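Worksheet: the structure to be examined is printed underneath.
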Amino acid sequence: MSKSVLIRRLERVQRSGVRGVCGPAGVLLSEVEASDWFASLLDQVIGSSSSCDDRAQALCQLLDMFGVGYVVTGRLS
């Protein structure tokens, strides 16, 4: 997935207003905009063929680097 598609998806999540998701989405969005490396890493996590639970766990670990290590589990695509 291209960086611009990833940014649009994160912007959509951030605008959704869903409690507990907007903050972490904003953190990921600013990091993706600032770093091609981080965008690539996030793309690998989201695009992985691993189970939804495994992807959610990996996403939580990424968010934990920024002190917001939680997500609403569910469909990540």
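The values are calculated or read from the model by the stated rules, or taken from the named source; none is laboratory data. Bear in mind that the values here come from a model prediction, so they are computed numbers and not experimental data. We place every Cβ from the backbone using ideal geometry, glycine too, and count neighbours over all the protein chains shown.
Here is a check on your reading of the model: is Gly23 among the small types (Gly, Ala, Ser), assigned to a helix (DSSP H, G or I) and modelled with pLDDT under 80?
Numbers: among the small types (Gly, Ala, Ser): yes; assigned to a helix (DSSP H, G or I): yes; modelled with pLDDT under 80: yes.
Taking the combined requirement at face value, the residue satisfies it.
Residues being touching a residue at least 24 places away in the same chain (Cβ under 8 Å), farther than 15 Å from Leu10 by Cα and outside any helix (DSSP H, G or I): count how many of those fall in the stretch 31-67.
Total satisfying the criteria: 1.
With the requirement that a residue be among the hydroxyl-bearing types (Ser, Thr, Tyr) and at pLDDT 85 or above, what does the stretch 49-77 give you? Give the derivation first.
Just the residues of the stretch 49-77 that are among the hydroxyl-bearing types (Ser, Thr, Tyr), to begin with: 49-51, 70, 73, 77.
Ser49, Ser50, Ser51, listed by residue number.
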